[in-house]
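Only one structure is covered here, and it is reproduced in the block below.
The values are calculated or read from the model by the stated rules, or taken from the named source; none is laboratory data. Since the model is a prediction, treat every value here as computed from it, not as a measurement. No Cβ is skipped: glycine too gets one built from the backbone with ideal geometry, and neighbour counts run over all protein chains shown. SASA here: full protein model, heavy atoms, side chains in, ligands and nucleic acids out. Shrake-Rupley method; radii C 1.70, N 1.55, O 1.52, S 1.80 Å.
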Amino acid sequence: MRAIWKGAVSFGLVSIAVKLYSATEEKDIRFHQVHRTDGGRIKYQRTCSVDGEVVSYDDIAKGYDIGGGEMVILTDEDFAELPLSTSRAIDVLEFVPAEQIDPILFAKSYYLEPEGQAAKPYVLLRDALRDADRVAIVKIAIRQREQLATLRVRDDVLILNTMMWPDEVRTPDFGFLDDDIETRPAELAMASSLIDSMAGTFNADDFTDNYRAALQEVIDAKVEGREVVQPEEAEEAPAAAIDLMAALKASVERARQARSSTEEAPAKKAAPAKKKAAPKKAAPAKKATTARKSTSAEKPAKKSA
């Protein structure tokens, strides 16, 4: 990992030198835009809408549209003069219970690593946060933007979670909120029963990105020149239920059956993997490609006959 920020955590009169690392990374499969016929990369040029000339990065500034076709241009010097006291410091403002922070405010996560001789005060702050069962509310400036954030402990490492400002969270405005909708006690009890039947312990490792895995299979098949095996079709979504109570009862029964079958035969999860591996031995890629070419070559002969 490469540090994206260096500074210090200001904890009262204690200063802890730290490095900041991105704690997460996206695993999306990235594509390039290419020419369909020859695979050439598509390139873009930055052109000015006034004179039509190509503009280099050195000549690009930030502009704020004030309306009426007028633009206020800000340069790097303008941003450098902004009063950012947290440009190289993480100022601890207060310590609060973690449950008081709405998760909707969290934006991005970073690891904090002590630098130089700061390991001792780093561990001291980490252990104090863990014993107090609280998180620290801090301010930090990343890429010339001051952000609100929290400091908490995860796997014996301090985690900094940047947060949205309160005015950046939208207020839900939906029509059904003004309607007088009541739920019957029997329906609520059945819904609670459904929740209980599907209750479990969250483990992130139990969930996988099936779309990304399937897309990687398609890419690998293209590279190897073999036939792509079509996955089994998923079950169709059930039609909208008219009777809410009946749908809840059916859902509870279905969840209970699924749980009981899982507990009785945990080894069933490994079966689909063997089925997917079987098609690879059935027909080699080269034969399938040759057969396809010979078929296309025989078409003109059939027409002439």
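Descriptive notes on the structure:
- Heavy-atom accessible area with a 1.4 Å probe sorts Lys249, Lys222, largest first, into Lys222, Lys249.
- Heavy-atom accessible area ranking, 1.4 Å probe, most first, across Met198, Met163: Met198, Met163
- Rounded to the nearest 10 square angstrom, Val55 shows an accessible area of 40 square angstrom against a 1.4 Å probe.
- Fraction of accessible area attributable to carbon and sulfur, segment 47-168 (%, probe 1.4 Å): 51 percent
- Note on surface exposure: Phe174, Phe31 rank Phe31, Phe174 by accessible area, highest first, 1.4 Å probe.
- Accessible area in square angstrom per residue, segment 1-103, 1.4 angstrom probe: 84 Å²
- Relative to its Kirkwood radius, the Cα radius of gyration of segment 1-90 gives an Rg/Rh of 1.13.
- Highest-first arrangement of 39-48, 4-13, where packing means the average Cβ count within 10 Å: 4-13, 39-48
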